[in-house]
Each structure stands twice: as C-alpha cells, then as structure tokens.
1. As an exercise: evaluate Leu71 against (1) out of contact with any Lys or Arg (no Cβ under 8 Å at 6 or more places or on another chain); (2) of a type outside the set (Asp, Glu); (3) modelled with pLDDT under 95 and give the number of the one condition it does not meet.
2. Any residue in the range 233-255 that's open to solvent by 30 Å² or more (accessible area, probe 1.4 Å): show its pairings with residues that are aliphatic (A, V, I, L, M) at Cβ separation under 6 Å, as long as the two are six or more apart or on different chains.
3. Looking for whichever is modelled with pLDDT under 90 and open to solvent by less than 10 Å² (accessible area, probe 1.4 Å) here; the options are Leu216, Leu145. Which one fits?
4. Checking the condition open to solvent by 50 Å² or more (accessible area, probe 1.4 Å), in contact (Cβ under 8 Å) with a residue 40 or more places away in the chain, closer than 19 Å to Ala48 by Cβ and not hydrophobic (A, V, I, L, M, F, W, C), which residue from Lys364, Lys369, Lys317 passes?
5. From the set of residues in the range 1-22 that are of a type in the set (S, T, N, Q) and in a helix (DSSP H, G or I), which is nearest to Leu41 (Cα to Cα)?
6. Identify all residues within the range 324-354 that are modelled with pLDDT of 90 or more and over 17 Å from Ala96 (Cα atoms); write none if there are none.
7. Assigned to a helix (DSSP H, G or I) and in contact with a strand residue (DSSP E or B) (Cβ under 9 Å, 6 or more places away or on another chain): is that true of Gln235 in this structure?
8. Quick one: Glu56 ticks every box in (1) within 18 Å of the chain's Cα centre (by Cα); (2) under 18 Å from Ala349 (Cβ atoms); (3) among the charged types (D, E, K, R) except a single one, so which number is it?
Amino acid sequence: GVDQLTTEKAATLIAYFENIDDPRRDEGKRHPLISVIVLALCAVICHADTWPEVEEFAQTKEEWFRQFLELPHGIPPHYTFRRVFLLLDPEQLQQAFLAWVEAVQEITGGDIIAIDGKTLRRAFTRGGKKGAIHMVNAWSSQNHLVLGQVKVDAKSNEITAIPQLLEMLFLQGSIVTIDAMGCQREIAQKILDEKADYLLALKKNQGTLYDDVDHLFTYAQAENFEQPDMDYAQQVNKDHGRVEKRECWVVADPEWLAYLRRQHDWPQLCTIIKIEARRSTDDKRRKVDKRYYISSLEPNAMRILEATRAHWGIENKVHWVLDIAFREDESRLRMGNGQENMAALRRWALNLIRQETSVKKSIKTKRLKAGWDNDYLLKVLFG
C-alpha cells in the first residue's frame with residue numbers, strides 16, 4: 001500500500017505539473033491531464049518506450065496508481081497519451097522539469113556544466129518534409145543531472161538554441177564547457193553575464209582564431225614552454241589494456257592574449273589551452289588527439305584538464321545512456337511536439353533513476369526493477 005507520507009510526497013511531485021495547460025477541448029475530456037503526465041513519466045522510468053507500452057504498464061498497475069492519482073475512467077488508452085503529448089506545450093513541460101531540477105540540485109559553486117547536442121535519428125518523416133530532431137542538453141557533472149534541454153529550431157542550428165538553454169539555467173560560479181559548435185563571442189559573453197566562466201573548444205573553420213592559437217603554441221613549444229604565466233598538468237589512465245595520457249598546457253601570457261584580443265575581440269579571455277591525448281593499446285596501436293580551447297579561467301592546468309574530461313560525461317552518462325538504456329535513437333515519434341515532450345520525460349526519468357542510489361545497478365536494470373517492484377518505484381519517484 002501507499003502510506004500517508006508517500007501520498008504527501010506524491011502531491012509534491014504532482015504539484016510541478018499543475019501549471020501546465022491542458023491542450024484538449026473540454027468536451028469529451030475523460031482523463032485528468034496530471035494523471036496522464038504522471039502515468040507516462042512512471043511508465044518511462046519502468047522501461048516503457050512506446051505509447052502502447054505506456055498503456056500496458058499503467059493498466060497492469062491501475063489499482064496501485066489509484067492510491068495517489070485520479071482515474072475516473074480508468075487508464076487512458078495509448079492514443080490518448082499520444083494525442084496529449086503531441087499537443088502539450090514543450091516549454092511548459094520544460095519549466096516543470098527545471099523547477100524540479102532546481103529543487104533537487106545542490107548548488108555549491110564550481111560545478112562543471114557541459115552543453116552538447118544530440119540528434120534523435122529516427123525522428124524524421126520519410127520524404128524529407130521533417131528532418132531529424134536535434135536537442136541541446138545541459139549536464140551537471142557535480143550533481144549527475146540533466147539540467148535542461150532545448151530543441152533546435154529546424155530552420156536554424158545549435159547556436160541559437162545554446163543561449164536559450166543558458167538563459168534557463170542557474171550558472172553562477174560554474175564552468176560552462178561547450179564543444180566547437182558553441183565557440184561564439186555572444187555565447188561567451190552570455191556565460192560571463194551569468195557570473196560563470198567559459199571553456200570553449202576551437203574549431204578549424206573559426207576564421208583565423210584556430211590558426212593563431214596553433215601558431216602561438218607551435219612557437220611556445222619551440223621555446224620549450226619557457227614563458228612565464230604558463231601552467232602544465234598531466235593525467236595517466238589505464239583501463240582494459242588501454243593507456244591514455246592526457247597533457248594540458250595553459251598559457252596566460254599578457255602579450256599573447258593582447259594580440260588575440262586585438263585580432264578577435266574575445267570577452268575576458270584569460271587563457272589559451274592545448275590538450276593532447278595519447279592513447280596506446282596492448283596491440284601497440286597509438287592515437288594522438290590534439291585540441292585547443294579558449295577560456296575566461298585563470299591558468300590552472302589541472303583544473304582545466306579535469307573540466308575538459310568532465311565535459312565528456314554528457315556523452316557517456318547522458319547521450320549514450322539515452323540510446324542504450326532508453327533506446328532513444330530508435331524512437332519513431334514524429335508528429336507535433338511528441339518527440340520533444342517524450343525526450344523531456346526520458347531525461348526526467350534518467351534524473352530520477354540517477355538520484356536513487358540505494359541500488360548499485362545499471363540504469364537499465366534499475367528501470368526494470370522499478371517496473372517489477374512498487375516500493376522501489378516509490379523510492380525512485382519520491383526519494
């Protein structure tokens with residue numbers, strides 16, 4: 001059964017959805033909107049990846065759900081779930097998600113917030129009328145939470161979505177890392193305006209900025225990195241027969257920076273960075289990967305090296321998990337706001353599962369356990 005305390009906790013989760021407008025006409029509305037949303041979220045937590053699976057899951061646990069949800073006409077059919085999420089305003093669902101994240105997120109400063117894009121590959125229509133949907137996600141490496149996501153406007157690109165996403169988040173005191181797609185002065189300025197620091201990867205088609213930084217580091221290397229205002233750090237990781245050595249050189253030479261600022265006008269540019277990753281495997285194969293970054297951070301090579309490494313957490317702990325555990329890449333929802341809203345539910349479900357730490361299993365196993373064990377589902381939902 002569901003005790004009084006759980007009913008109270010359920011009410012606090014349900015409260016996040018109270019400001020979402022019901023997109024349906026009043027006549028013929030049989031299922032309360034909040035019940036539809038909570039059922040869908042629970043089903044997605046418990047390994048339901050399509051609307052028919054959501055309906056089947058909810059029907060199996062109907063008696064249990066009745067203890068804290070209004071179900072005057074039983075469980076909604078799958079086409080009701082589909083229609084509601086097709087019409088639901090993604091921004092309102094996002095606002096509810098952000099309010100929840102704010103409530104559970106520990107803001108201690110110094111967090112590394114990674115911004116990166118992800119394509120939902122199957123979410124397109126044949127004949128090319130509607131391209132694959134692209135989402136930009138924000139990930140807190142300190143809290144292990146997806147902080148928010150924005151759908152990229154089909155007519156633009158990630159550059160316009162990133163400022164939108166930054167605007168939604170509390171960034172003060174954090175380091176915001178973005179790969180080369182976000183290396184834009186306006187984005188750097190937006191991060192500074194939010195009282196955070198930027199760490200941006202450079203790309204080769206960035207005018208002459210990449211070439212200038214490359215040239216300066218080539219000169220520094222020839223001089224054996226003897227400049228003042230230079231810092232160096234390295235990390236060596238061994239894993240499954242693979243050795244990876246990551247080296248970081250950070251230069252804050254005022255003359256160099258004055259030259260770059262004159263040429264490229266970057267706001268509060270404090271450091272330029274070179275990172276080299278050398279991977280070697282047991283079969284003697286070697287791979288060298290070189291990247292350049294610019295940053296408003298002080299020249300602390302170890303801190304910067306760790307921040308660039310933390311950035312890839314969004315690939316391993318968000319994008320990869322969404323594809324492997326949530327089969328996001330296989331999702332074929334294409335109509336209306338369906339894909340965007342389902343993407344928000346998946347990220348919310350992923351956060352809830354990550355927040356529950358009593359079971360030390362994979363995300364996929366925890367999803368299955370939540371589906372089998374009502375007590376564990378309550379733990380995931382309400383802590």
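The values are calculated or read from the model by the stated rules, or taken from the named source; none is laboratory data. Values in this document were obtained by computation on a predicted structure and should not be read as measured data. Cβ coordinates were reconstructed from backbone atoms using ideal geometry, including for glycine residues, and neighbour counts include every protein chain displayed. Accessible surface areas use protein heavy atoms only, side chains included; no ligands, DNA or RNA. Shrake-Rupley method; radii C 1.70, N 1.55, O 1.52, S 1.80 Å.
1. Against the list (1) out of contact with any Lys or Arg (no Cβ under 8 Å at 6 or more places or on another chain); (2) of a type outside the set (Asp, Glu); (3) modelled with pLDDT under 95, Leu71 comes up short only on (3).
2. Lys245/Val236
3. Within the list Leu216, Leu145, the selection yields Leu145.
4. Lys364
5. It comes out as Thr12.
6. Scanning the range 324-354 gives Ile353, Arg354.
7. no
8. (1)
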